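The values are calculated or read from the model by the stated rules, or taken from the named source; none is laboratory data. As the structure is a prediction and not an experimental result, all values here were calculated from the model. We place every Cβ from the backbone using ideal geometry, glycine too, and count neighbours over all the protein chains shown.
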Amino acid sequence: MPIIVTKRYLNPIVTFMELDCPHIAKKARPGQFVMVRPDAMGERIPLTIADYDPVRGTVTIMYQRLGVTTHKLNLLEAGDNVLDVVGPLGNPTEVDGVKRAMVIGGGVGSAIAYPQAKALYAAGAYVDVIIGFRSKELVFMEDNFRRNCSNLYITTDDGTYGEQGFVNKKLEQLLQAGAQYDVVIAIGPVPMMRAICQCTLPYNIKTIVSLNPIMVDGTGMCGCCRCKVDGQTKFACVDGPDFDGHKVDFDELMIRTAVYRTQEADATERHLCNLQRMADELKKQEGGAQ
Amino acid sequence: MAVSNAPRTPMPEQAPSQRIHNFNEVALGFTEEQAKAEAARCLHCANPLCVQGCPVNVRIPEFIAKVSEGDFEGAYQVITDTNGLPAITGRVCPQERQCEAKCVRGIKGEPVAIGRLERFVADWHMAHATEHAAPAYPMNYRHVAIIGSGPAGLACAYDLANWGYGVTIFEAFHTVGGVLVYGIPEFRLPKAIVERTVDELRALGVQIHTDMVIGRVYTLEELFQQGFDAIFLATGAGLPKFMNIPGEELAGVFSANEYLTRINLMHAWDENYDTPIVNSHTVAVVGGGNVAMDAARCARRMGAHVHVIYRRSEAEMPARAEEVHHAMDEGIEFHFLTNPTAIIDDRHGNVCGLACVKMALSEEEDERGRRNPVVIPNSNFTMDVDTVIMALGTSPNPLIRMADPALKVTPKGCFVVDDETMQTSKENVYAGGDAVTGAATVILAMGAGKRAAKAIDEKLDGNS
């Protein structure tokens, strides 16, 4: 059972956790993920490895507190154990031979794009990065990216920080101005990755997207993460999670990621209600003790 | 010993009307009296064909004689001489095609209920044994890594540990047992039985590492570098197949693996667990094997109305006869000679129907001697369903062959092994079970695990 080494809040909705898993840290490469189960009653969820340090023996995950499992994970503190961490899973991003790269992260996807930018930059490539957020208070990892790329562009939807607009707008601007890239790596919400692919298609730039559909096992067993790429059914966990974005059927991906949306919303509400009730009871007990 | 001519002793079971509302075991097991009465039916043939019918050659008449004498522990010792997992095989073996198919009593009447007796003996031992068996041989300081903790891996571990080998099992999931825990449902094989079996392995000194996906976290080469002398690949056939018909991407379409894993391994049927599952009203399960029966019966217990769609006729169904009967008793509707052509979208990305055609069996036979189904023209019709579960079989997990391209595999992705030694194209790497044969049965996988254990034993001892 891996111990949580550090825990930090990167912004009001995203948590950073460094986990002690030497065997995973030693093998992890950019683009791979781990399956995490916080407790015995919990679900297994895939989380991309946002950073890894084979010397310290740690892997870093960053997650947005959205559903029951991420909320449960967030109840754990540094020094606590996470019940199960399995990995590294998925195929690493292919970065060999890339000279000029554009790495784009949307929202919490920026955390996932970070190891790619870092690895490419360390390998001597020219790396441009665009990271996009809804608003200023959600911006995170700025310093990490700044130290690991040639140029960093930040966009916010509401214009409260960096440039106003979506990441694809900034990319279009740069491409129109004549920027040249061997590869564009785009990681974020499905509509964002689709928009980036539409943007790069006329320029004929190879575009890699990292898909994060629902998974149960993450080892090729459940088929839940199936997606269509170039007309063929692929499993994101064993064939991906990286795919050629120009060949991904994004409409189908939208359907696949929404399969449990109703149940998840209900479960999260129930879970949060339970937490509230527990908190209220604790308060009551404390009140009684005084 | 007087031979009884009484009819075959029926298995006490939960009534269908009751069991469709719970996940408790359906078959309740013999009492001591029932077991003795059934054991008395054995003719003790001079040349027992039943033993030949058993993939691991359990000495059946010998253990049955002990049962009729009331020496249940003695019976257990006879069985475990050749089969380390009798509580499991007694429940899930297709006996009607193996030992019981060869029983002489079956020629004119009903065969001796060998499977039920095996289960009785194993359960009796679990209820009465006070201590775990120790390994038969002392530790020999040779180390074997077993990849996968399903039936092949467990059987191989049992024998090797017994013979003094240092055995380490690497399991990808958080729970040990492979298909026994993620695939076969609680009502057919209670997880407590698998846990007890695993406890026995631990008592024999077997190390078990869960959450370890070999191929990703360690390569085979790295395992050898860590000091393992041999590796047994028992990674099963876990990769689900789909039909490649329109609509398979819709919400409400599952592989049987996903549906069963959510329910069995992840306890989606228990509201104390977080695992989500769709609330199905009407379910179509496509396929005719044991996995299809398991999925259908789980869906029934989740409160759905269930249809099984199978493209051949009842006679060709690969499922164990008992499971088919149980499913029918539970009110599951069977549509034979029927094949889906498309899954219908409600225009919001959800399933609202299944388009099918009727089939007829041709005179030609396939490689397994089954008549091929052909489409009857203009026989299209639609079923109203909100969930479709594809139970079409599985192919071997690709992770190890992806990590080690030097390992020879068939076009279907099965490891190529020497029939005699079970060794793969790589020195000291052995493979067996579904990873070699494609999806088959628990007992065949166990038989392969035992053969591999023997081959590894011969090889490693031969090196000393």
(message) Tell me which helices (runs of 4 or more DSSP H) are completely within region B:1-106 and hold 2 or more residues being among the acidic types (Asp, Glu), or say none if there are none.
(response) B:32-39, B:60-69, B:72-82
(request) Just give me the residues in region B:264-304 being over 21 Å from B:Ser17 (Cα atoms) and in contact with a Phe, Trp or Tyr (Cβ under 6 Å, 6 or more places away or on another chain), in sequence order. (result) B:Asn264, B:Leu265, B:His267, B:Pro276, B:Gly288
(message) Going residue by residue through region B:404-416, is there one that turns out to be at negative phi, touching a helix residue (DSSP H, G or I) at 6+ places or on another chain (Cβ under 6 Å) and buried (at least 24 other Cβ atoms within 10 Å of the Cβ)?
(response) yes
(message) Can you tell me which condition A:Gly79 does not meet? The list is (1) closer than 30 Å to B:Asn272 by Cβ; (2) of a type outside the set (A, V, I, L, M); (3) outside any loop (DSSP other than H, G, I, E, B), and all the others hold.
(response) (3)
(request) For region B:330-362, enumerate the residues that are within 30 Å of B:Glu25 (Cα to Cα) and in contact with an Asp or Glu (Cβ under 9 Å, 6 or more places away or on another chain). (result) B:Phe334, B:Phe336
(message) Name the single residue that is nearest to the other protein chains (Cβ to nearest Cβ) among those in region B:172-199 being charged (D, E, K, R) and touching a helix residue (DSSP H, G or I) at 6+ places or on another chain (Cβ under 8 Å).
(response) B:Lys191
(request) Search region A:163-219 for residues being touching a residue at least 24 places away in the same chain (Cβ under 8 Å) and among the basic types (Lys, Arg), and hand back the single one that is nearest to A:Ala258 (Cα to Cα). (result) A:Arg194
(message) So, B:Ile169, is that one more than 25 Å from B:Arg320 (Cβ to Cβ), touching a strand residue (DSSP E or B) at 6+ places or on another chain (Cβ under 8 Å) and more than 14 Å from chain A (Cβ to nearest Cβ) or not?
(response) yes
(message) If A:Met35 meets every condition in (1) under 16 Å from the mean Cα position of the chain (by Cα); (2) away from chain B (no Cβ under 13 Å) apart from one, which number is that one?
(response) (2)
(request) Go through region A:1-32 and count every residue that is more than 15 Å from the chain's Cα centre (by Cα), charged (D, E, K, R) and within 12 Å of chain B (Cβ to nearest Cβ). (result) 2
(request) Would you point out which residue out of A:Arg44, A:Arg37, A:Arg56 is surrounded by fewer than 17 Cβ atoms within 10 Å (Cβ to Cβ) and of a type outside the set (A, V, I, L, M, F, W, C)? (result) A:Arg56
(message) Out of everything in region A:245-262 that is surrounded by 16 or more Cβ atoms within 10 Å (Cβ to Cβ) and over 24 Å from A:Ile185 (Cβ atoms), what residue ends up being modelled with the highest pLDDT?
(response) A:Ile255
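Table: residues versus (1) more than 15 Å from A:Cys222 (Cβ to Cβ); (2) facing another protein chain (nearest Cβ under 7 Å).
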site	(1), (2)
B:Ala237	no, no
B:Lys241	no, no
B:Ser255	no, yes
B:Tyr259	no, no
B:Arg262	no, yes
B:Leu265	no, no
B:Trp269	yes, no
B:Asn272	yes, yes
(request) Check whether at least one residue in region A:171-191 is within 30 Å of B:Glu258 (Cβ to Cβ), in contact with a His (Cβ under 8 Å, 6 or more places away or on another chain) and among the hydrophobic types (A, V, I, L, M, F, W, C), and report yes or no. (result) no
(request) Can you run down the residue pairs with Cβ atoms below 9 Å, 6 or more apart or on separate chains, where the first is in region A:85-113 and touching a residue at least 40 places away in the same chain (Cβ under 8 Å) and within 14 Å of another protein chain (Cβ to nearest Cβ) and the partner is buried (at least 24 other Cβ atoms within 10 Å of the Cβ) and part of a helix (DSSP H, G or I)? (result) A:Val85/A:Ile24; A:Val86/A:Ile24; A:Gly87/A:Ile24; A:Pro88/A:Ile24; A:Leu89/A:Cys237; A:Gly90/A:Ala236; A:Gly90/A:Cys237
(request) Identify all residues within region B:288-328 that are under 21 Å from the mean Cα position of the chain (by Cα) and within 14 Å of chain A (Cβ to nearest Cβ); write none if there are none. (result) B:Val291, B:Ala295
